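To start, the structure itself, in structure tokens.
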Amino acid sequence: MDNNPFSQINKPLLDVPEELKGKVMKDIAMAKLLMELASLFSLNVGNVVKRTIKNRKSKKK
Amino acid sequence: MQVKHNFKDLSDDELIEGIVSKNDTLLFEMLYDRYAKLVYNKCYGFASSIHEAEDLTQDVFLKLFVKLKTFKGKSKFSTWLYAFTYNHCVNYVTRNNSKKIEKQSVTTDNIGEDSYDPDVDDNSISMLKVEKLKEALELISPDERMILLLKYQDFLSIKELAEILELGESAVKMRLKRAKEKLINVYKDVDYG
């Protein structure tokens, strides 16, 4: 489409405030910690099945 | 696979793979550097202030870190990120400003099905004036704004829109058509300058 006015919206692009990166990365560090803590307490069903089967097979031998 | 020592050489897909497999915050920081300006400006389009745009951007990146594993690589990452950002903004605006939007949209709500112009096409869009268009976009619903921006600002195809919005292509075409018609009608009512 020629002369698309949508391409002119929000131009010129604003620069991102420098302090925002620090805030975002602080959030990410906290999220990572919580995700890793959650993974310690969650049940990995796939892994349980795999280990059970492996255990069962080794007992049969 | 050749190990790339310079992270800047990594493609988006490689970067994402690294982030998802190890929750690597260093790689995520690189992803932020690549897309912060884009996300920030998209958020600004839905925000009522710079401060609100910053908050929205912060939220989008946090949500992105947690949900990055849901990106399956069916579309370009940037395309997926546009939709991800818009979705967050639309939900935010709908949740927080629903009453305000309802009030602003009162004139458009009165537009019945019969008043839709079936001949609204892309040529009509190209005739719009930028400042007036900005105002008109604020007066239509966030969902309509999102689909129009994805199509005409980010140039997503109908197929990409269907994938991203999890709709059929005919549903996308219908939503797009209605959004365009509504925009044109609202645009006519905007008293600018």
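So if I check each of B:Ile164, B:Ile140, which one is within 16 Å of the chain's Cα centre (by Cα), modelled with pLDDT of 90 or more and under 28 Å from B:Lys37 (Cβ atoms)?
B:Ile140
Output the residue which, of all residues in the stretch A:16-36 that are more than 7 Å from every other protein chain (Cβ to nearest Cβ) and more than 14 Å from the chain's Cα centre (by Cα), is surrounded by the most Cβ atoms within 10 Å (Cβ to Cβ).
Selected residue: A:Lys26.
Residues B:Lys180, B:Lys99: which one is more than 19 Å from B:Thr79 (Cα to Cα), at pLDDT 60 or above and outside any loop (DSSP other than H, G, I, E, B)?
B:Lys180
Anything in the stretch A:9-28 that is within 15 Å of B:Met30 (Cα to Cα) and among the acidic types (Asp, Glu)? List them, or say none.
Hit for the stretch A:9-28 is A:Glu18, nothing else.
Out of curiosity, is A:Asn44 within 7 Å of another protein chain (Cβ to nearest Cβ) and modelled with pLDDT under 85?
no
What residue, among those in the stretch A:4-49 that are of a type in the set (S, T, N, Q) and outside any helix (DSSP H, G or I), is farthest from B:Lys37 (Cα to Cα)?
Filtering first and then ranking leaves A:Asn44.
Any chance the stretch B:147-154 includes a residue that's away from chain A (no Cβ under 14 Å), crowded, with 21+ Cβ neighbours inside 10 Å and at pLDDT below 95? Give the steps one after another, and end with the answer.
First pass over the stretch B:147-154, keeping only residues away from chain A (no Cβ under 14 Å): none.
Among the residues of the stretch B:147-154, not one is away from chain A (no Cβ under 14 Å), crowded, with 21+ Cβ neighbours inside 10 Å and at pLDDT below 95, which makes the answer no.
The values are calculated or read from the model by the stated rules, or taken from the named source; none is laboratory data. These numbers were taken from a predicted model, which means no experiment stands behind them. Every residue, glycine among them, receives a Cβ derived from its backbone with ideal geometry; neighbour counts consider all protein chains shown.
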